[in-house]
Amino acid sequence: MNGLIGRKLGMMQFYNPEGNVVPVTVIEAGPCVIIQKKETGRDGYNALQVGFGSKKAQRTNKPAQGHMAKAGKGAFEVLKEFRIDDVSQYEVGQEIKAADLFKAGDRIVVSGTSKGHGFSGVIKRWSFGGFPGSHGTHEYFRHGGSIGNRSYPGRVRKGKKMAGHWGDEQVSIQNIEVVDVRPEQNLMLVKGSVPGAKRGVVVIRQSARG
């Protein structure tokens, strides 16, 4: 198993053993319950499906209730899969906690949904400079300017930075350091910020960079 589902609780300051102040994000990491084991012979690949966050059973549909009932731990708010090489050492209904996978000093990848900012112009969304405030500029101060040529290419190129929906998308932060793990509270303190708002769901994986 190489990852867990968690919830971002907020940020705080942490004093490391050297006495330096480190900004950290507090993540409620697990416990995650194994809902289903997927194996190559039956499903085409090896993976564990885990659930996180309790939920009232009556707030899920009947197929989901029957699927999660096999674990015997009630209904869950979030289900996700983690691919692994060998699922034989795990059992349905088993709990996986942060201390089982991570320790202080580890490097991890945290993925979450960034804060949504609605429809934003090019200055807020892409930090465009805008147009001069004088020399004849009239009602064009915060516009994006030209978006292409006329005959060639005769279209707007893909990826052109324009006004649009900003945020509310999946973002992954690589190679974050785990500052502390508190197993009795199922908490992880990770250095710096992670994507999303408070109480947002995040996925924590071990970093391939080591």
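The values are calculated or read from the model by the stated rules, or taken from the named source; none is laboratory data. Predicted, not measured: the structure shown is a model, and the values here were computed from it. Every residue, glycine as well, gets a Cβ built from its backbone with ideal geometry; the counts of neighbours run over all protein chains shown.
Which condition breaks for Val171 when tested against (1) in a loop (DSSP other than H, G, I, E, B); (2) surrounded by fewer than 17 Cβ atoms within 10 Å (Cβ to Cβ); (3) hydrophobic (A, V, I, L, M, F, W, C); (4) under 15 Å from the mean Cα position of the chain (by Cα)?
The number of the failed condition is (1).
Can you pull out the residues in the stretch 174-210 that are surrounded by 14 or more Cβ atoms within 10 Å (Cβ to Cβ) and in a loop (DSSP other than H, G, I, E, B)?
Within the stretch 174-210, Asn186, Gly192, Ser193, Val194, Pro195, Gly196, Gly200, Ser207 qualify.
Sort out which residues of the stretch 119-137 are in contact with a strand residue (DSSP E or B) (Cβ under 7 Å, 6 or more places away or on another chain) and surrounded by fewer than 12 Cβ atoms within 10 Å (Cβ to Cβ), and write them in order of number.
Answer for the stretch 119-137, where residues must be in contact with a strand residue (DSSP E or B) (Cβ under 7 Å, 6 or more places away or on another chain) and surrounded by fewer than 12 Cβ atoms within 10 Å (Cβ to Cβ): just Phe119.
Considering each residue of the stretch 45-73, count those that are exposed (fewer than 15 other Cβ atoms within 10 Å of the Cβ) and either outside the structural domain of Val33 (by TED's automatic domain parsing) or not basic (Lys, Arg) (or both), and give that number.
Adding up the residues that qualify gives 10.
For the structure I just gave you, tell me whether Ser193 is within 30 Å of Phe102 (Cβ to Cβ) and out of contact with any Gly (no Cβ under 7 Å at 6 or more places or on another chain).
yes
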